[in-house]
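A.B. asks: Have a look at this one before I ask anything.
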Amino acid sequence: MLHDPNRVYVFDTTLRDGEQVPGCQLSTPEKIEIAKALEALGVDVIEAGFPISSPGDFQSVVELSKAVSEPVICALTRANKGDIDAAVAALKYAKRPRIHTGIGASDMHIKYKFNSTREDILVRAVDAVKYAKQFVEDIEFYAEDAGRADDIFLAQMIEAVIAAGATVVNIPDTNGYCLPEQYGAKILYLKENVKNIDQAIISVHCHNDLGLATANTLAGVINGARQVECTINGIGERAGNTALEEVVMVLKTHHAALNLSTNINSKHFTKISSQVSRMMRMPVQPNKAIVGQNAFAHSSGIHQDGFLKHRENYEIINPEDVGLDEAGIILTARSGRHALKHHLERLSYVIDKINLDQVYEKFLIMADQKKEISDNDLLALMSDGEEDTYKNGYKLNSLQVVCGDSASPTATVKLEYEGVEHEAKAEGNGPVNATIKAIESVIGKDIVLKELTIQAIHGGSDDVSKVNMRVSYEDKSYLGFGFSTDIVKASADAYLDALNKFL
């Protein structure tokens, strides 16, 4: 069988092995949606289901075969004619069909699962491949529990099924038992001792019972396997399968050393990970490699400082390569001034105009009270007028507003600038308008209010309101933010926040 020796084919079994997890069952339309996302991702093979297992699984394979055209569509069977007949029927519309059949290879399975002998199992394996080959050219054979199988017998089985027509031979570590050295040595043994091994692709299918699925998969690839069987997010029975995103990014990160590549567009990882997690109701652990929410998050002050000075100090993968806009600098009580400065600049604050030391002291007090600081927290911190946030900036010392049915809205403000307090009074068509006019009379600049948005943070009449304000000055726009249970006070803070960014 001819194939690029440096190409690793990606076989995704999210919709078969992954979907067997309790609570993760999908409807046929949901499977089609994920299958189309897998096609866009660039997987080579989609294992669409186990047709004989249920009418729903059968129909899913039928519909997936119609819905996608680029990947090979694979259907799982056991080594018997009934299973294979069901798979053949389900794959009727597949552009590139594959039947995945097999049987146990370890003495444990032969004795306690099949109550059989090695000789009988060998005959059943060969017969299944020959039967399937009558209907479909592309036949993958799995030697279940190969991880615990005797190498000599396993080699005999693999040689026999290739001779019978298998195009791919799957060597599963079904129970996640092997150490990487053991599993790699098993693949190498087959490469060196199966005479016709060059006529098939060796595939690796590893489970994560001991947390070694990715390591074992890579050990298999390094020793000659050229197909990896994986799932998105590592979802699967018990502790899961090999995570597709982990294997692909290992090969990408170590391409110079391994000289191996896949057809996967890794920029889709973040999106498809979220999609699978949501649709299968299986949360991704925060510290999950590649796609966990903390995978590119830095909270230690030392790490943040090093990362901001040079990304590769603490990142070996560019977050954009897996579909993230940027790494996360998470603000906590352990964060330093460098991280705070980074976020303030991201929120359009001009650092030269800010008393960073004072802001940082207020930040630490807030961070001790909260586990994590959000953008809204920072904006609230910056609009707090208790201390001078801005160097030489305007500070609101007092605000009084009169309004109602029988009075024109009138605002009186006291603003402090460079140690001098200025007072002004103005009427407007509402309390916010009157307040802004009063502030304008003190500032004495030609400032145009372009946009005003008021938002309740959590909901309820007693909630803290967030005011976003955009003003224009000398043909440039500036954003200001204010927070208060009093909407008028929040508006005044937002207006001054915007002004202090340029005055």
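A.B. asks: How big is Rg to Rh over segment 395-501, alpha-carbon atoms, Rh as the Kirkwood inverse-mean-distance radius?
C.D. replies: Details: Rg = 13.5 Å, Rh = 14.0 Å.
Using only Cα positions, Rg/Rh for segment 395-501 is 0.96.
A.B. asks: Can you tell me the FRET efficiency between residue 368 and residue 40 if r is taken as the Cβ-Cβ distance and R0 is 56 Å, rounded to the nearest 0.05? Mind showing how you got there, number by number?
C.D. replies: Numbers: r = 45 Å, r/R0 = 0.80.
Working from the Cβ atoms, E equals 0.80.
A.B. asks: Greater than 21 Å separation of Cα atoms is the criterion. Which listed pairs, 81/133; 425/466; 437/501, meet it? Let's see the in-between values first.
C.D. replies: Working: 81/133 12 Å; 425/466 25 Å; 437/501 19 Å.
Violating the 21 Å Cα-Cα cut-off are 425/466.
A.B. asks: Label 7 Å along Cα→Cβ of residue 418; segment 392-409 residues with amide nitrogen under 13 Å?
C.D. replies: Under cut-off, by backbone N: 392-394.
A.B. asks: Under a crude label model (7 Å from the Cα following the beta-carbon direction), how far is residue 192 from residue 137 in nanometres?
C.D. replies: It is 3.5 nm.
A.B. asks: Residue 117: accessible area at probe 1.4 Å, nearest 10 Å²?
C.D. replies: Approximately 70 Å² of residue 117 is accessible to the 1.4 Å probe.
A.B. asks: Taking the Cα centre of segment 395-501 as the origin and placing charges on Cβ (Lys, Arg +1; Asp, Glu -1), which of 430, 499, 483 is farthest toward the positive end of the dipole?
C.D. replies: 499
A.B. asks: Quick one: length gained pulling residue 80 to residue 25 fully straight, 0.36 nm per residue minus the C-alpha distance?
C.D. replies: Values: separation 55, 0.36 × 55 = 19.80 nm, distance 2.56 nm.
Using 0.36 nm per residue and subtracting the Cα-Cα distance, I get 17.2 nm.
A.B. asks: OK, next. How much FRET efficiency would the formula 1/(1 + (r/R0)^6) give for residue 476 and residue 258, where r is the Cβ-Cβ distance and R0 is 45 Å, rounded to 0.05? Each step should come with its number before you reach the end.
C.D. replies: Values: r = 51 Å, r/R0 = 1.13.
For residue 476 and residue 258, the calculated efficiency is 0.30.
The values are calculated or read from the model by the stated rules, or taken from the named source; none is laboratory data. Since this is a predicted model, take the numbers as computed values, not measurements. Here Cβ is always computed from backbone atoms with ideal geometry, including for glycine, and neighbour counts include all displayed protein chains. Side chains are part of the model used for accessible areas, which takes the heavy atoms of the whole protein and leaves out ligands, DNA and RNA. Shrake-Rupley method; radii C 1.70, N 1.55, O 1.52, S 1.80 Å.
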